[in-house]
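Remarks on the structure that follows.
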Amino acid sequence: MIRRIDLRGADRASVDYRAAVPRAEFDVEAATHLVAPVLHAVKTRGVEAILEYSAEFDRIEIDDIAVPREAMTRALEELDPQVRAALEESIRRLRITCEAELEHDVVTRLGEGAVVTHRKVPINRVGLYVPGGLAPLVSSVVMNVVPAQVAGVRSIALSSPPQKNTGGLPEPTIMAACELLGVHELYSVGGAQAIAMFAYGAGPCRPVNLITGPGSIYVVAAKRLVRGTVAIDSEAGPTEIAILADDSADAAYVAADLISQAEHDPLAASVLVTDSETLADDVVAELDKQVFATRHTGRIQQALTGPQSGIVMVHDMEQGLEVVNAYAAEHLEIQTRDASAHAARITNAGAVFVGPYAPVSLGDYCAGSNHVLPTAGCACHSSGLSVRAFLKSMHVVDYSREALAEVAGHVVTLAEAEDLPGHGTAVSVRFER
C-alpha cells in the first residue's frame, strides 16, 4: 500500500534529506507551453475565446461568463442548513485570526520635522480562483475571500469552472459561499482561461492586480506566465502532508490523516516520518483497513502507492526533525510525546498541527488558520495565504525645510559619489533663495 524509505543508516552530515523524500512529478515549465496559446487568445479575443475553451476543456457550452446574482441568491437559499452553519463558523474563526494579524501604520520620527510613515495599503482589485475538479472546494472560497476582505480590498472577483450539473454555472456550494460572503462578482470560468481573464480583463471582468488560489497544473503554469503583469500568491502544486510521529502516536489517527490528503488527488503526497517500527507496521495495517472503507478508494490508492508517498524510517526524533524541516511540507503534523517542544523547532512548513487532536482537516475548514499554503518544498522560503498577501507597503516621507537642511550635505555628497549630480541639485536648489 505504501513504500518505506529507510534513512537510519544515512550519513547525517552529508545526506540530502530533501532529495531523499521525493515528490510527485509536476512539470510546470512543460505546461507553460500548453497554456501560452490560451493566454494569448483570451488577451486578444476576450470572452469569445473563453467560451470556446469552456466548450473544449470543460465540455460544456455556456453563453455568458458572469454568474447572475439571482443564481447565487438561490444557491444560498437552497443550501443545506448544516453546511451553512459550518461555513459561517469557518468564516467567523478565520475572520478573527485575520483581524488579529492585521498590521497598522508605523510612524517613525527621525528628528524635528522628519517623519517616515510605513503604510499598509490594500491592493485595489484581486482575482480569486477556486478549483472545481475532483472536489468542489467551497472552503477555498472562505480561505481566499476572508483575508482579502479583512485587508480592505475594495474590488474582489472570483472565478470557478462551469459544471454540467448546474447548466454551466459553478458548483452551488461555491455560489452560495460567495453570496454568504457578499462577493457578487463571480465568473463561471476555469483553468488557464480564468487566469488570463483576471490578468488581462475580458468582457465584464476588469483586470486585477493580484491573483490568488490553488488549481491544476495548467492554472499554476498560467499564473507563472502572467506574473509581472499581475502579482500571484504562489505556484501551488499537489497537496501534501507529512507526519512526524513516535511510538506514542495512535496508528488509526495517523492512517486517517494520511488518507485525508491522499483523497485530494492521485498526485497528493502522504509521508510519515517515524523512529518506531511498531508504529510503521500498525499504520500499514490501518491503511489496509481504512482505505477500502472510503468513498474514493481508487484515488487514495494511487496517491499512497505513488513515489511521492512513503513511510520514512529515522534513527530518532532528532533525525526526524531534520527530515521534516528539509522536506518543508505544506501540512506538517506532530504526533509525539513532546509535540509542542518538537513543533517549536520546526522552521519549514506551510502550517504545523500539534498533537493528536489537531488533524490537517481541522485546518482545512475550521481551525481559524488558512489552508492555501506553499507546496513542493516552497515552505522553506514562502508563507501561506494571509491578510499580508492582500496588502502592500508604502513609505510616506514628510520632511520640513529644517529637517531637510540637516541631511542636505549628506545627500549632495552621496549623489556626487554616485555621479548623479542632479540628485544633489534637487536638494541644494531648495536653499539657494
(message) Return the pair list, or none, for Cβ contacts closer than 6 Å from residues in region 171-193 that are farther than 19 Å from Tyr365 by Cα to residues that are of a type in the set (Phe, Trp, Tyr), at least 6 apart or on different chains.
(response) Gly191/Phe57; Gly191/Tyr218; Ala192/Tyr218; Gln193/Tyr53
(message) Anything in region 382-410 that is aromatic (Phe, Trp, Tyr) and over 23 Å from Glu99 (Cβ atoms)? List them, or say none.
(response) Tyr399
(message) Within region 340-371, take every residue that is in contact with a strand residue (DSSP E or B) (Cβ under 8 Å, 6 or more places away or on another chain) and part of a helix (DSSP H, G or I) and give me the one that is surrounded by the fewest Cβ atoms within 10 Å (Cβ to Cβ).
(response) Ser340
(message) Any residue that is more than 20 Å from Pro359 (Cβ to Cβ) and under 25 Å from the mean Cα position of the chain (by Cα) - is there at least one of those in region 237-244?
(response) yes
(request) Would you check if there is a residue in region 103-119 being crowded, with 18+ Cβ neighbours inside 10 Å and either more than 24 Å from Arg206 (Cα to Cα) or over 25 Å from the mean Cα position of the chain (by Cα) (or both)? (result) no
(request) Please state which one of Asn209, Asn165 is surrounded by fewer than 24 Cβ atoms within 10 Å (Cβ to Cβ) and under 21 Å from Ala236 (Cβ atoms). (result) Asn209
(message) Which residue is nearest to the chain's Cα centre (by Cα), if the candidates are limited to region 320-339 and must be in a strand (DSSP E or B) and under 19 Å from Asp275 (Cβ atoms)?
(response) Leu332
(message) Checking the conditions here, which among Asp247, Asp233, Asp257 is surrounded by 20 or more Cβ atoms within 10 Å (Cβ to Cβ), over 22 Å from Leu362 (Cα atoms), touching a residue at least 24 places away in the same chain (Cβ under 8 Å) and in contact with a strand residue (DSSP E or B) (Cβ under 9 Å, 6 or more places away or on another chain)?
(response) Asp233
(request) Residues being aliphatic (A, V, I, L, M), over 18 Å from Ser140 (Cβ atoms), modelled with pLDDT of 95 or more and out of contact with any strand residue (DSSP E or B) (no Cβ under 8 Å at 6 or more places or on another chain): count how many of those fall in region 55-90. (result) 2
(request) Scan region 42-61 for residues that are in contact (Cβ under 8 Å) with a residue 60 or more places away in the chain and either crowded, with 16+ Cβ neighbours inside 10 Å or on the phi < 0 side of the Ramachandran plot (or both) and jot them down. (result) Val42, Lys43, Gly46, Val47, Ala49, Ile50, Tyr53, Ser54, Phe57, Asp58, Ile60, Glu61
(request) Would you point out which residue out of Ala367, Ala379, Ala403 is without any contact (Cβ under 8 Å) to a residue 60 or more places away in the chain and either assigned by TED's automatic domain parsing to the domain that holds Arg84 or not polar (S, T, N, Q) (or both)? (result) Ala379
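Residue by residue, here is whether (1) within 27 Å of Val15 (Cβ to Cβ); (2) surrounded by 17 or more Cβ atoms within 10 Å (Cβ to Cβ); (3) touching an Asp or Glu at 6+ places or on another chain (Cβ under 9 Å); (4) modelled with pLDDT of 95 or more holds:
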position: Val271; (1), (2), (3), (4): yes, yes, yes, yes
position: Thr274; (1), (2), (3), (4): yes, yes, yes, yes
position: Ala285; (1), (2), (3), (4): no, no, no, yes
position: Ala293; (1), (2), (3), (4): no, no, no, no
position: Gly310; (1), (2), (3), (4): yes, yes, no, yes
position: Met317; (1), (2), (3), (4): yes, yes, yes, yes
(message) Please pick out the residue among Thr108, Thr117 that is free of Cβ contacts under 8 Å to residues at least 12 places away in the same chain and either touching a Leu at 6+ places or on another chain (Cβ under 8 Å) or of a type outside the set (A, V, I, L, M) (or both).
(response) Thr108
(message) Looking at the structure I just gave you, is Leu34 farther than 30 Å from Ser386 by Cβ, of a type in the set (A, V, I, L, M, F, W, C) and either exposed (fewer than 11 other Cβ atoms within 10 Å of the Cβ) or more than 28 Å from the chain's Cα centre (by Cα) (or both)?
(response) no
(message) Return the residues of region 62-80 that are exposed (fewer than 12 other Cβ atoms within 10 Å of the Cβ) and more than 21 Å from Val145 (Cβ to Cβ); say none if nothing qualifies.
(response) Asp63
(request) Quickly run through region 1-55 and pick out the residues that are closer than 30 Å to Gly203 by Cα and not in a helix (DSSP H, G or I). (result) Gly46
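The values are calculated or read from the model by the stated rules, or taken from the named source; none is laboratory data. Note that this is a predicted model, so its numbers are computed, not measured. Positions of Cβ are generated from backbone atoms using ideal geometry, with glycine treated the same way; all protein chains shown enter the neighbour counts.
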